[in-house]
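**Student:** To start, I am sharing the structure in question, which I have written as structure tokens.
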Amino acid sequence: MKQSEIKNLSAAELQEKLVQLKKTYADLTIAHAISPIENPLQIRSLRRSVARIATEITKRELQ
């Protein structure tokens with residue numbers, strides 16, 4: 001998810017998206033531990049998307 005897309009979301013949508021991405025990330029990492037997934041770069045992109053959304057939430061709370 002790009003930063004420009006994240007900025008357009010509301011606070012509630014950000015929280016919902018964060019929960020959804022964290023669950024997907026956990027599922028992928030478990031699946032990858034059991035047997036290698038087809039595209040392991042998905043794990044990296046999900047982790048970075050989670051970080052971007054968490055950063056945006058924190059930034060909005062501080063303002």
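**Student:** Taking the options E38, E61, E13, name whichever one is acidic (D, E) and not in a helix (DSSP H, G or I).
**Tutor:** On inspection, the qualifying residue turns out to be E38.
**Student:** Looking at segment 1-31 only, could you name the residues that are modelled with pLDDT under 95, open to solvent by less than 80 Å² (accessible area, probe 1.4 Å) and either under 18 Å from R48 (Cβ atoms) or in contact with a strand residue (DSSP E or B) (Cβ under 7 Å, 6 or more places away or on another chain) (or both)?
**Tutor:** M1, Q3, S4, I6, L9
**Student:** Being without any contact (Cβ under 8 Å) to a residue 24 or more places away in the chain and surrounded by 11 or more Cβ atoms within 10 Å (Cβ to Cβ): is that true of I37 here?
**Tutor:** Spelling it out, I37 is indeed without any contact (Cβ under 8 Å) to a residue 24 or more places away in the chain and surrounded by 11 or more Cβ atoms within 10 Å (Cβ to Cβ).
**Student:** On to the next question. I need the full set of residues from segment 43-57 which are within 11 Å of the chain's Cα centre (by Cα) and not β-branched (V, I, T), in order please.
**Tutor:** Answer for segment 43-57, where residues must be within 11 Å of the chain's Cα centre (by Cα) and not β-branched (V, I, T): R44, S45, L46, R47, R48, S49, A51, R52, A54.
The values are calculated or read from the model by the stated rules, or taken from the named source; none is laboratory data. Predicted, not measured: the structure shown is a model, and the values here were computed from it. As a convention, Cβ positions derive from the backbone with ideal geometry for all residues, glycine included, and neighbour counts pool all protein chains shown. All accessible areas refer to the heavy atoms of the entire protein, side chains included, with ligands and DNA or RNA removed. Shrake-Rupley method; radii C 1.70, N 1.55, O 1.52, S 1.80 Å.
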